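Nothing in this text is a laboratory measurement; each read-out follows from the coordinates by a stated rule. Nothing here was measured: the structure is a model prediction, and the numbers come from that model. As a convention, Cβ positions derive from the backbone with ideal geometry for all residues, glycine included, and neighbour counts pool all protein chains shown.
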Ligand code: SF4
Ligand code: F3S
Ligand code: FES
């Protein structure tokens, strides 16, 4: 097998990368947060997923981080890469300097090192915002669904592309100050279910869920969410739309 390496400028050798990782195990009372450097040799097409696995396999099996799909679909590998939320499996080391930092996403409960419990927060948010289709009456499971215009299905699908990585919350200044803020992900979900014709909730029902400082009025239009969303969801447009609709309804 031929391995191709990115060469360090003028040296003829692959780069030696230093990943400075913020380590901490909250389950261990003796653990103190600290930075630990790991050096890996860069390979052609190397992602942070590959680099972290190499570190764990050859240098420190105790290093904690999450991956499932390795394809930007599951959202589990989000972390702060040089201070910016992003997906480790979709980040090529060639786009980083020879030295970079990796830290867990803020806002979410820390499991250890780079692993955070986004699932716990997402479940709580889903229950709070009731993010499922509310159909009137008892559904007839044998009935065919009403047809939906392709444009509408497309618009719902666009918002459904959210992979629940949490980057938008980790990159939001409001979320760092307000632990109950639902973030752009919560606002996006309300926008998505509001569009769905199978959901019989009224605009007022939806806006009751987000019409306070932990919802759309807490958003200070910082737009970090929009900048860091790895799926390029139209978060800015959705938040502005919800605001306008709420104002029109007199909220
Ligand atoms: Fe991630 Fe974007 Fe969904 Fe936020 S809206 S959780 S950044 S995919
Ligand atoms: Fe936060 Fe995005 Fe609003 S970054 S303040 S949710 S525009
Ligand atoms: Fe699934 Fe990165 S491992 S998005």
Legend entry - Alpha-carbon centroids, the range 14-48 and the range 141-193: separation in whole Å: 32
Inset, instruction - On each of the three principal axes of the Cα atoms of the range 126-168, give max minus min coordinate, whole Å, ordered largest first. - result: 39, 28, 14
Inset, instruction - Return the single residue from 91, 47, 237 with maximal mean-square fluctuation; model: Gaussian network over the chain, springs between Cα atoms under 10 Å. - result: 237
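Expressed in nm to one decimal, what extension gain is obtained for the pair residue 152 and residue 117 from 0.36 nm per residue of sequence separation less their Cα-Cα distance?
Details: separation 35, 0.36 × 35 = 12.60 nm, distance 3.33 nm.
Full-extension gain reported as 9.3 nm.
How large is Rg over Rh for the range 63-115, taking Rg from the Cα atoms and Rh as the Kirkwood inverse mean of 1/r across Cα pairs? Walk me through the numbers before you get to the answer.
Working: Rg = 10.8 Å, Rh = 11.4 Å.
Answer for the range 63-115: 0.94.
Over all directions, how big on average is the projection of the convex hull of the alpha-carbon atoms in the chain, in square nanometres? Before the final figure, lay out the partial values.
Details: hull surface 73.0 nm².
The Cα convex hull of the chain, projected and averaged over all directions, gives 18.2 nm².
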Legend entry - On Cα atoms only, tilt of 235-248 relative to the major axis of the chain in degrees: 20
Inset, instruction - Mind pulling the angle between the C-alpha long axis of helix 183-195 and the longest principal axis of the chain? Nearest 10 degrees, somewhere in 0 to 90. - result: 40
Legend entry - Separation in nanometres of the label points that stand 7 Å from Cα toward Cβ, at residue 142 and residue 82: 6.1
Inset, instruction - Using per-residue counts of other Cβ atoms within 10 Å, averaged over each peptide, order 26-33, 226-233, 138-145 from highest down. - result: 226-233, 26-33, 138-145
Legend entry - Kirkwood Rh, Cα atoms: Rg over Rh of the range 2-139: 1.09
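Could you line up 46, 79, 220 from fewest to most neighbouring Cβ atoms inside 10 Å?
Details: 46 22, 79 29, 220 10.
Fewest to most other Cβ atoms nearby, the residues stand as 220, 46, 79.
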Inset, instruction - Work out Dmax and Rg for the range 7-85 from the C-alpha atoms and quote the Rg first, both in angstrom. - result: 14.3, 47
Legend entry - Pair residue 195, residue 244: separation of 7 Å Cα→Cβ label points (nm): 1.5
Inset, instruction - Would you mind listing how long the range 14-56 runs along its three principal axes, going by Cα atoms, in whole Å with the largest first? - result: 40, 15, 11
Inset, instruction - Give, to the nearest whole percent, the P(r) tail of the range 190-235 beyond 14 angstrom, counting all Cα pairs. - result: 61
Inset, instruction - Calculate how steeply helix 150-160 sits against the longest principal axis of the alpha-carbon atoms of the chain, using the helix alpha-carbon long axis, and give the answer as 0 to 90 degrees to the nearest 10. - result: 50
Legend entry - Pair residue 208, residue 236: separation of 7 Å Cα→Cβ label points (nm): 3.4
Inset, instruction - For the range 73-193, evaluate the Debye formula with one uniform point scatterer on each Cα (no solvent term) and list log10 I(q)/I(0) at q = 0.14, 0.16, 0.17, 0.18 Å⁻¹, rounded to two decimals. - result: -0.72, -0.86, -0.94, -1.01
